[in-house]
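One structure is given here, and the rest of the page talks about it.
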Amino acid sequence: MSYELYELDELLEHIWTAREDGQVLLQEEILAPGGEEAAALEEGVRQGLLLLRERDLSVREAATPVPDGVPGFRVEGLMEVALSPEGERRARDIIRRHRLAELLFTEIFELDEAQVESGACNFEHLLSPKVIESVCTFLGHPRRCPHGKPIPPDECCNRFQVDIQPLVMRLCDLPLGEEGRIVFITPKHHARLDRLSALGLIPGSVIRLHQRQPSYVISIGETDMALDKEIAREIYVRKA
Amino acid sequence: MHNHHKAKEVPLKEGERVVLVGNPNVGKSAIFGLLTGSYVTVSNYPGTTVEITRGAAHLNKKRYQVIDTPGVNNLLPLSEDERVTRDILLSEDSHRIVQVIDSKNLRRGLLISLQLAEMELPFLLDLNMEDEARSRGITIDTDRLTQILGVGTVSTVATRRKGLDRLVGGLSQLRASSLRIDYGEPIESSLRQVVELLPQAYISRRALGLMLLAGDESLKGWLHQNLSAAAIEKIEAICLSLQEKFSHPLSYVITEIRLRWVDSILSQVVAAEKMERSSWGTTLGQWSTHPIWGIPFLLAILYLTYRFVGVFGAGTLVNFFEQTLFGRYVNPAAIRLVKAAIPLPFLQELLVGDYGLITMALTYAIAIVFPIVGTFFVIFGLMEDSGYLPRLAVMSNRVFKVMGLNGKAVLPMVLGLGCDTMAVLTTRILESNKERLIVILLLALGVPCSAQLGVILGMLGGVSLKATILWSFTVVAVIIAVGFLAARVLPGKGSDFILELPPLRLPQISNIVIKTAARIEWYLKEAVPLFALGTLFLFFLNWFGLLKAIEELASPVISGLLGLPTKATGAFIVGFLRRDYGAAGLYALAKQGQLDPIQVVVSLVTITLFVPCIANFFMIVKEKGLKVALAMAGFIFPFAILVGGMLNWLLRWMQVQL
Ligand SMILES: Nc1nc2c(ncn2[C@@H]2O[C@H](COP(=O)(O)OP(=O)(O)O)[C@@H](O)[C@H]2O)c(=O)[nH]1
Ligand SMILES: [Zn+2]
Ligand SMILES: [Zn+2]
């Protein structure tokens, strides 16, 4: 992927989030901040916007100042950008990839905030639509990223609303009375993994969920066990 | 690597030890009971609070010592209990091992068997609970299992003595297992390197090496005694570089490989028919933890407890003991005897006076407290043996979470309703130090023991239902509030709630009789001397006229803040010795019509929250040290008075009618 396209994606991402937040973006925030390079930056944004227009990704840039408080994307109070349908679609995809990646890193890999951000930023440019669909399915077609912002749905999510269930789900989401085979466990600390494994809870083991309230009760083989929800959330199963 | 042992049989010699190991709730104690009969001693394992039960057995006309170890799920210890069991296996003289397995949970049992095999210790597999496995459609091919493991296997049903002779027979022909697990590369090559550095030990070097690879911290001491610093360093380096090749901790990787082996063994020996699990036990078990039906279930059990302990124990039995036995026969006879035999008025007063050792201490300990505590222990034994207690933990987990605890804390808390002192001892089942501290504090602060509860409920019943509700509400609210704060103030963290729920079973009468008898014996030994001590203390205070002086001194607090008659001071003074004793003093006052309803509630709330009794205090010192015990008492004493004072003020200000 060319550097140019990379930059363009970043720009689209910013346009989308700024619009979502009803926020005014200063020119420096669009690319990297840095006082000295302000002129170069201004030049960069100008080129970026130009590029957007060239590729029919944006339809309008108002050259005149827009009054404060109007939602939209504005550069230094000078310009407003609106996206074309194609630009809209592309921005949606990027946001979707970014937020799904965030969720994947936070929930499954349990990385910390900083790692999640840099990871997600790199990922969003790399993942193919097929992979993204798998990730989305794997996560059970989530609606919100870890920061609570909406994840734009795609076809796979709409299909899900009709019949498809996530491939892998948390133990706590397994329907009552049904069996699931453990796929992996992501415990908060090692001691928990050791305790669960001593009780026979390892990937491959089949467990059944009996109740959620007032505590989670599962059975493995002929043993019944009660667990905290926190632990049930860390066990991922595939419906058997 | 796979140096298959020639299966050599090791005959059992006279005087040898037989060690029972196995997962929790597999019937070890039941087997232990069958083997030993009545010569049982319970002692703490050296340096720990973990209890080990030992007993003598006469089998085949020979004498053995049998040891019941704490249940373990893995021999890579995660708790003090598991470490003790592992240490017993490591210690030189525990030659004969019987592993008790719950046949319907063979998988969990075999995880331990593989480790015993690895240690190259001779052992026998006892596939217990064969009845339950069969009723669930599970059959085990024991011949095939014997063939794979190379050790003897017997099936038993401990509760019906089934298979006992085969078990005894099998004991004299123990073999070390010939099974060796292949952990694959790179573990095997690291293991070889570690094994070369290890000295010859009682268990196999391979097993020790695996424990070290798994990062078993509890072996540190052993390492430093048996190895040079250089060798230890080398081992640590090997472990580190091996760990780098795995994303999961090695302890987990090793357990996982073992479980894969277990699963492949299972596929060869177990046939499971798909059967609907619908015995009465499973159905009741599901009800008992159901979010809705669990509550009436709990209430029904509470009601039965109340009928048995509150009405039968505290009513019928106490009446009989106090009024008939002691009131009509023991005390009058004692008074006559003492007056006739001892002419000294001082001694007469000491033995049979108002604060006499016989007329007060003995009457109180035997006639009032004993029936209540005894009936409570019966109920507790029933809950324990039927398997209801862990279900109570499921039901109450949420409430305990507020207090930085989890459902497991329900066990010491409920036992505290029997005897707080004994309950302090059982806090060791909790995993973190913080949890133990919080539970000990709450026990000392607000959980009334059954003796006290009996007296309190009797007194409140004489006032009104409203008063009873007000008292319970205040005490529960104070417990939760203090727990909530303690969870935030005390350092450390809670622990995971992962609790096995054994099936509900019909309680075994013999088990309950044995356990209740042991608890009552403990209670009599512990409590009766303290009653005597407390009475003696009061007697001397009274004899020297100090009781009056203290009453005057304390009256601003007692009558000013709490709004109680000055005579109530005596009750609070004895409350220092035992809270139930103090409550009994208040009971006497109320019976004489000296307390109005508000005074009853205020005094009872105060005495409920009042300082832990002396025995409880000493137990806290023993478990947590003098500093902690003093700090707790120093907080609880003024706090109880404060709560009582606030309640008094609030009730009078709102002009509550009780
Ligand atoms: N049905 C059945 N119950 C058993 C058998 N052996 C023990 N039990 C019950 O299982 C429960 C746990 O037994 P216990 O000996 O305390 O297990 P431990 O924790 O391993 O010492 C008790 O209620 C016993 O009565 C058995 O062979 N069959
Ligand atoms: Zn986000
Ligand atoms: Zn989707």
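Side notes on the structure shown:
- Along chain B, the longest continuous region that contains none of the GluC sites (Glu not before Pro) in a DSSP loop with at most 12 other C-beta atoms within 10 Å is B:277-658.
- 15 Å reach of a label modelled at B:Glu51, 7 Å along Cα-to-Cβ, counting backbone N of segment B:371-401: B:377-378, B:380-382, B:384-385
- Nearest-0.05 FRET efficiency for A:Val131 and B:Asn433, computed from C-beta distance (R0 41 Å): 0.30
- Computed E for B:Lys525/B:Tyr329 - FRET, C-beta separation, R0 30 angstrom, nearest 0.05: 0.75
- Amide H contacts of B:Val98 (H built 1.01 Å from N, in plane; Pro and chain starts excluded): B:Val19, B:Leu20, B:Val21, B:Leu124 sit under 5 Å, all sequence-distant by 5 or more or on other chains.
- When the P(r) of chain B is calculated, the portion above 33 Å amounts to 56% of the C-alpha pairs.
- Distance between modelled label sites at B:Ile550 and B:Lys162, nm, 7 Å Cα→Cβ extension: 6.1 nm
- Annotation for segment B:211-312: trypsin sites (Lys or Arg not before Pro) lying in DSSP loop with at most 13 further Cβ atoms inside 10 Å of their Cβ are B:Lys245, B:Lys274.
- Distance in nm between pseudo-label sites at B:Leu347 and B:Ser264 (7 Å out along the Cβ direction from Cα): 8.2 nm
- Karplus-based coupling profile of segment B:481-493, in residue order and whole Hz: 5, 5, x, 4, 5, 4, 4, 8, 7, 6, x, x, 9, with θ = phi - 60° in 6.51 cos²θ - 1.76 cosθ + 1.60 and x standing for Gly or Pro.
- Note on the protein assembly as shown: helix-only mean residue ellipticity at 222 nm, from DSSP H runs of 4+ residues weighted -39500 (n - 2.57) and normalised by residue number, equals -16500 deg cm²/dmol.
- The C-alpha atoms of chain B define a longest principal axis, and helix B:187-197 lies at about 80 degrees to it.
- Ranked by the mean number of other Cβ atoms within 10 Å per residue, highest first, peptides A:218-225, B:67-74 order as B:67-74, A:218-225.
- Taking every DSSP beta bridge that has both ends in the protein assembly as shown, the antiparallel portion is near 70%.
- Cα-based shape type of the protein assembly as shown, given that a ≥ b ≥ c are square roots of the gyration tensor eigenvalues and the cut on a/c is 1.5: oblate
- Taking amide H as placed 1.01 Å from N in the peptide plane, A:Phe184 has its amide H under 5 Å from the amide H of A:Tyr236, each at least 5 places away in sequence or on another chain.
- Share antiparallel - DSSP beta bridges, segment B:15-176, percent rounded to 5: 45 percent
- Computed from phi, the 3J(HN,Hα) profile of segment A:189-202 under the Karplus parametrisation 6.51, -1.76, 1.60 (θ = phi - 60°) reads 9, 4, 4, 5, 4, 5, 5, 5, 5, 4, 8, x, 8, 9 Hz, with x in place of Gly and Pro.
- Anisotropy class of segment A:169-239 from Cα gyration tensor, a/c 1.5 cut: rounded
- Helix axis angle, B:433-446 relative to chain B longest principal axis, alpha carbon, degrees: 20 degrees
- Gap separating the Cα centres of segment A:171-240 and segment B:287-333, nearest whole Å: 40 Å
- The angle between the Cα long axis of helix B:626-653 and the main principal axis of chain B comes to about 50°, on a 0 to 90 degree scale.
Rule-based calculations on the coordinates, nothing more; no lab input. Not measured: the values here are computed from a predicted model. All Cβ positions, even for glycine, are placed from backbone atoms using ideal geometry, and neighbour counts span all protein chains on display.
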